[in-house]
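Nothing in this text is a laboratory measurement; each read-out follows from the coordinates by a stated rule. The model shown is predicted, which means the values in this text are computed figures rather than measured ones. Glycine also receives a Cβ, built like all others from the backbone with ideal geometry; neighbour counts cover every protein chain displayed.
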Amino acid sequence: MLANSQNGNTPSPTALSGEMKPCAGASYLYTCTPFNPTNVLNWTVTGGTPATGNGSTLSISWSTTTPYNISVTEYDPNTGCVSLPISLSPVRKVFIMPDACALTEDIAGTAVPLSLDCTSPTPVGKACLNTHKTYKIANWSSYNVDMYEISIIPSDVGSVVSTTVNANDEMVLEIQWNNTLHLNTIIKFDTYTCGGINPYFTFRLDVKGGGPFTITGPNPACDNVPATFNITPQPAAGTYNNANYTWNWGGGSGQNFPYDPSGISHIYSIDGSGISTFPITVLLDVDGCLSSASSSVTVNPGPGAQIGSSLECLSTVPITLTAMPAGQSGIPQYLHASERNVLPYPQHWRQNRIDTKVQCY
C-alpha cells in the first residue's frame, strides 16, 4: 500500500510490500520504506508473529487465525510526531477447487467448454481417437496451486505431453489421445498448496471414434448381385448411437447411412462390359469424430442367357418368357411369365413350328 498521509509534520512511510498470499505456518519478509530515512518505523501485526516490531524490514510467521493485517507508522524522534499508518492485508493462501467447466478445449484460439451442460453434477466432454488436443484452465493463480500432477485414467487411453502456465495466467495442458475407446475417461489433477496435498479434482470425457478400420466384403463381387460390405473392427457397442458413415462405391458423391453393425448392401452393375474394378471409400462419423478407410472390389460379369432372334415360342397364346442365368447343368432356363414356371430349353421350345409366334426376350 502506498500512502503519504500526515499527522502534524510527519509524513507516512512511502511503501509497504511483501507476500500477499502467505501460507499459514510460514515466514515471510516484509519491507517498508520510510519517508525520511532518519525516522523510525513501528510495525503492528494481526494474525502473525511477532505482533510488533521496528525497522525497515520484518519477518512475519503467519498463524491459521485470519484475517491478516500489517500496519506501519513512521516516528520522527526530533519532533515526537507519529505519522498516519500505512497497511497491508494479506490473504491466507488456501486451495480453491475449480468448477466443473474450468477446463476448456482450445479450438483455433477459442476456449470451448468440454461439456455444454456445466450445470450437470458430472458433466462429460468428448475427445476423438488419435488426436492431439490443447486444454486450458484460465486464471490459474486464483486456485492457489503451488504444484500439480496430471494423469489420465485409464493410462492407456491417452498421455499428458506437456503442461505449462503461460503469461496470460492460463494452465495449458497438451494431451495425446490414443487409439483406445473409453467412455467416462478421467483427467485427474493432484495439487499441492503450502506444502500440503489438496483434494484432487477431475474432468471427465468420452474418448470416441471409429478408430482405424478396414473394409470387408466379397471380392470379387458379381454383376447385379447384392453384396454386403462392412468395416472391421466395428465401433464399440454404446459408442455409435449417433454414428453414420458415408460409402463411396467408386463414383459420385457417396451415400450416407446411419451406422449399421450388420453392414451395407450395394449392387454393382457393369452391363456385361467385362471385369471391372471399383475403388471403395468409407468415412465414419461417430459423434463428430471422423475416421476413414479405402479399398477396392473387382466385379465379374454374371452368367447370362442369350435368345436368338429366330427363337419363337410354341404357343397359341402370346406369352412372355424372361431369360434366367444358366443352371448347374449349363442349359439355359426361361421363366414362363403367365405360369411362373421355369422351363429348360429345348423341352418347351421349338423354332418355326406354328403361325402364332412370339419373340422371346
- Message: Amide H of ALA26 versus every other amide H placed in the peptide plane: which residues, excluding those fewer than 5 positions away on the same chain, fall under 5 Å?
- Response: TRP62
- Note on the structure: Over all directions, segment 95-223 yields a Cα convex hull whose mean projected area in nm² is 10.8 nm²
- Query: What percent does the relative contact order of segment 99-214 come to when contacts are Cα pairs within less than 8 Å and at least six residues apart?
  - Reply: 28 percent
- Message: Under 8 Å for C-alpha pairs, at least 6 residues apart: give me the relative contact order for segment 19-142, rounded to a whole percent.
- Response: 20 percent
- Task: Please go through segment 162-247 and write out the chymotrypsin sites (Phe, Trp or Tyr not before Pro) that DSSP classes as loop and that have at most 16 other C-beta atoms within 10 Å.
- Result: TYR200
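Let me have the relative contact order for segment 12-89, percent, based on Cα pairs under 8 Å that are six or more residues apart. Could the numbers behind the result be given before it?
Numbers: 186 pairs, mean separation 25.8, N = 78.
In percent, rounded to a whole number, it is 33.
Give LYS93/LYS126; LYS136/LYS208; LYS21/LYS188; LYS93/LYS188 a once-over and call out the pairs whose C-alpha atoms are over 24 Å from each other. Before the final figure, lay out each step's value.
Values: LYS93/LYS126 34 Å; LYS136/LYS208 21 Å; LYS21/LYS188 26 Å; LYS93/LYS188 22 Å.
In this structure, LYS93/LYS126; LYS21/LYS188 lie more than 24 Å apart at Cα.
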- Using θ = phi - 60° and the Karplus curve 6.51 cos²θ - 1.76 cosθ + 1.60, what whole-Hz ³J(HN,Hα) does each residue of segment 286-291 get, with Gly and Pro shown as x? 10, 6, x, 8, 9, 8
